[in-house]
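Before any comments, here is the structure.
The values are calculated or read from the model by the stated rules, or taken from the named source; none is laboratory data. This one's a predicted model, so the numbers in the text were calculated from it and none came from an experiment. Cβ placement follows ideal geometry from the backbone for every residue including glycine, while neighbour counts extend to all protein chains displayed. These area figures cover heavy atoms from the full protein model, side chains too; ligands, DNA and RNA do not enter into them. Shrake-Rupley method; radii C 1.70, N 1.55, O 1.52, S 1.80 Å.
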Amino acid sequence: MALEVLEALDSARTQWYHVTAIVIAGMGFFTDAYDLFCISTVSKLLGRLYYFDPSQGVTKPGKLPTSVNNIVIGVALVGTLTGQLVFGWLGDKLGRKKVYGVTLIMMVACAIGSGLSFGATAKSVLGTLCFFRFWLGFGIGGDYPLSATIMSEYANKRTRGAFIAAVFAMQGVGIIFAGLVSMTLSALFKAYYPAPSYHDNPILSTQPEADLLWRVVLMIGAIPAMMTYYWRMKMPETGRYTAIIEGNAKQAAADMARVLDIEIQAEQDKLAEFHAANNYPLWSHEFFQRHGKHLIGTMSSWFLLDIAFYSQNLTQKDIFPAIGLIHKDYQMDAIGEVFQTSRAMFVVALLGTFPGYWFTVFLIEKLGRYKIQLVGFFMMSFFMFVIGVKYDYLKNDGRALFALLYGLTFFFANFGPNSTTFVLPAELFPTRVRSTCHALSAAAGKAGALVGAFGIQSLTVGGELYKIRKAMIILAITNLLGFFVSFLVTETKGRSLEEISGEDGRESELTPTPNNRVQGSRTQTM
């Protein structure tokens with residue numbers, strides 16, 4: 001039982017439309033990554049601007065209190081988790097396209113709002129900032145299930161994993177861009193507004209113009225989202241949603257024939273077979289019998305991965321000065337600290353983070369998702385354990401080796417579970433609940449990110465060496481757990497989405513189909 005429109009999508013040659021879809025969906029992830037990670041480049045600047053009291057004669061620059069720092073960093077992740085669940089559910093109920101543009105509108109409005117955060121006191125400014133960053137995260141959250149689902153349903157089965165991974169790889173470009181923009185703007189500001197270091201003059205070391213710098217950095221995140229909105233609205237609904245969920249095979253055939261430039265038969269009469277084989281709800285015994293193990297596997301592996309991945313990215317600003325990769329805060333002026341932090345983040349992202357994403361894109365259809373995820377988790381655990389155990393030596397005598405090991409953890413995160421945990425939920429589940437299941441998996445990941453933002457970051461924010469060491473060992477154990485839960489998922493390369501999910505009513509070693517369900521669908525078509 002197979003619709004011609006679905007077979008046409010699975011067997012279509014790679015063409016310009018696929019590239020366009022990757023770019024349109026990928027620009028959303030570019031924006032997502034920029035907005036989520038640029039805050040790390042300026043969070044220390046916020047402390048200098050709003051939490052410095054010269055009357056107390058402090059010997060170190062102003063610093064965000066741990067609780068405030070965690071909220072500023074983590075509030076967007078709370079919004080992202082919420083947005084994933086809401087938009088993931090809406091994507092299945094209303095259609096992927098109908099809610100796809102809403103996410104971009106929210107990102108544009110809230111990125112600009114973040115930069116315009118207002119108030120006469122530190123509490124009011126940061127309160128306004130947190131408000132806008134929550135709703136920014138809400139819009140970002142919607143992009144996860146929608147982009148993954150749209151790309152998986154457009155792609156052919158030979159290159160589907162590479163296409164989904166390419167969309168997600170734009171996250172790496174966004175992280176690089178966050179560092180590059182912050183580095184470039186801070187260099188320009190520093191050239192025009194030089195200042196002494198904090199050690200030389202605690203008051204003059206914080207330039208008043210720095211208050212404009214962080215706002216511009218945050219608002220620039222609106223630009224790529226604005227550039228993408230028109231093209232998103234031009235995309236048709238996916239053929240799989242139109243045919244299987246809306247029950248309009250004729251419209252699905254017409255839409256896909258236009259974008260793929262081929263002739264496709266509608267075959268409206270076959271839709272009854274798909275409905276007969278898939279009329280069970282998400283929260284049912286049959287769903288968990290057929291897909292429960294995979295859902296537990298995608299949720300748990302993404303949860304454990306994001307504890308480590310977001311801890312790595314969000315705590316770089318604390319680890320770099322502790323290990324001596326950038327100057328101590330009292331040796332720099334406010335804008336100079338932004339520049340050095342951004343430069344270090346840019347270099348790590350360019351040499352460690354970025355290559356890992358694209359290794360996955362080029363090798364995922366050769367090695368498969370399963371192997372890449374297992375190897376990635378294992379190598380991350382190994383390198384973090386070495387850093388934790390040998391931290392004293394690496395800090396004092398092995399800084400180059402530390403930079404190498406730290407970069408390798410980023411490489412294997414992205415040539416590993418950070419990419420595959422995004423790909424697998426978009427492939428393993430039926431069309432009717434694909435967006436929701438991806439949202440549940442991604443939300444579990446963001447719950448892990450919150451553990452990193454509020455838990456692990458609390459260990460590193462003070463720059464205390466023994467706490468950073470403890471954090472690294474905890475993350476090594478977390479990744480090892482991720483290695484073991486990965487055995488709950490399975491390989492999907494080279495198979496159609498309907499074959500993987502059992503959606504076509506056939507038995508599959510990937511998704512067991514109850515005999516009564518198979519017989520029922522056959523009886524109804526006889």
For this session: Give segment 216-237 a look and list any residue that's touching a Lys or Arg at 6+ places or on another chain (Cβ under 6 Å) and crowded, with 23+ Cβ neighbours inside 10 Å, or say none.
Result: none
For this session: Could you please find all residues in segment 185-210 being among the charged types (D, E, K, R) and surrounded by fewer than 16 Cβ atoms within 10 Å (Cβ to Cβ)?
Result: Asp200, Glu209
For this session: Among the residues of segment 23-61, count how many are within 30 Å of Leu81 (Cβ to Cβ), of a type outside the set (D, E, K, R) and either open to solvent by 10 Å² or more (accessible area, probe 1.4 Å) or within 16 Å of the chain's Cα centre (by Cα) (or both).
Result: 19
For this session: Inspect all residues belonging to segment 40-61 and state whether any of them is closer than 15 Å to Ala453 by Cβ and of a type outside the set (Ser, Thr, Tyr).
Result: no
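Would you mind stating whether Ser67 is free of Cβ contacts under 8 Å to residues at least 12 places away in the same chain and either of a type in the set (D, E, K, R) or part of a helix (DSSP H, G or I) (or both)?
Yes: the conditions hold for Ser67.
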For this session: State whether one or more residues within segment 239-247 are more than 32 Å from the chain's Cα centre (by Cα), modelled with pLDDT under 90, farther than 30 Å from Met107 by Cα and hydrophobic (A, V, I, L, M, F, W, C).
Result: no
Problem set entry | Pairs with Cβ under 7 Å, 6+ apart, first in segment 283-300 and assigned to a helix (DSSP H, G or I), second among the aromatic types (Phe, Trp, Tyr) | Glu286/Tyr280; Phe287/Tyr280; His291/Phe429
Exercise. Is it the case that some residue within segment 106-123 is assigned to a helix (DSSP H, G or I), under 30 Å from Glu7 (Cβ atoms), open to solvent by less than 30 Å² (accessible area, probe 1.4 Å) and at pLDDT 85 or above?
Worked result: no
Exercise. How about segment 326-359: which of its residues are farther than 19 Å from Phe410 by Cα and small (Gly, Ala, Ser)?
Worked result: Ala334, Gly336
Exercise. Within the bounds of segment 125-145, is there any residue that is over 25 Å from Ser419 (Cβ atoms), assigned to a helix (DSSP H, G or I) and in contact with a Phe, Trp or Tyr (Cβ under 6 Å, 6 or more places away or on another chain)?
Worked result: yes
Problem set entry | Unique match (being touching a Phe, Trp or Tyr at 6+ places or on another chain (Cβ under 6 Å) and either over 30 Å from Ile245 (Cβ atoms) or part of a helix (DSSP H, G or I) (or both)) among Gly445, Gly388 | Gly445
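In this structure, does Asp10 turn out to be buried (at least 24 other Cβ atoms within 10 Å of the Cβ), at pLDDT below 85 and of a type outside the set (Gly, Ala, Ser)?
no
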For this session: Would you mind stating whether Thr82 is buried (at least 18 other Cβ atoms within 10 Å of the Cβ), part of a helix (DSSP H, G or I) and either touching a Gly at 6+ places or on another chain (Cβ under 8 Å) or not small (Gly, Ala, Ser) (or both)?
Result: yes
Exercise. Among (1) of a type outside the set (A, V, I, L, M); (2) under 18 Å from the mean Cα position of the chain (by Cα); (3) under 20 Å from Ala471 (Cα atoms), which single condition is Phe383 missing?
Worked result: (2)
Problem set entry | From the options Ser435, Ser486, Ser496, Ser501, residue that is modelled with pLDDT under 85 and more than 15 Å from the chain's Cα centre (by Cα) | Ser501
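Step by step: first the residues of segment 402-432, then only those that are open to solvent by 10 Å² or more (accessible area, probe 1.4 Å) and assigned to a helix (DSSP H, G or I), then the one that is nearest to Arg160 (Cα to Cα). Which residue is that?
Arg432
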Exercise. From the list Leu136, Leu180, which residue is open to solvent by less than 20 Å² (accessible area, probe 1.4 Å) and among the hydrophobic types (A, V, I, L, M, F, W, C)?
Worked result: Leu136
For this session: For segment 128-149, indicate whether the set of residues that are out of contact with any His (no Cβ under 7 Å at 6 or more places or on another chain), over 20 Å from Ala449 (Cα atoms) and without any contact (Cβ under 8 Å) to a residue 24 or more places away in the chain is non-empty.
Result: yes
Seminar exercise, completed: With criteria (1) modelled with pLDDT of 80 or more; (2) open to solvent by 30 Å² or more (accessible area, probe 1.4 Å); (3) in a loop (DSSP other than H, G, I, E, B), Thr20 comes up short on (3)
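Within the bounds of segment 173-185, is there any residue that is out of contact with any helix residue (DSSP H, G or I) (no Cβ under 8 Å at 6 or more places or on another chain) and in a helix (DSSP H, G or I)?
yes
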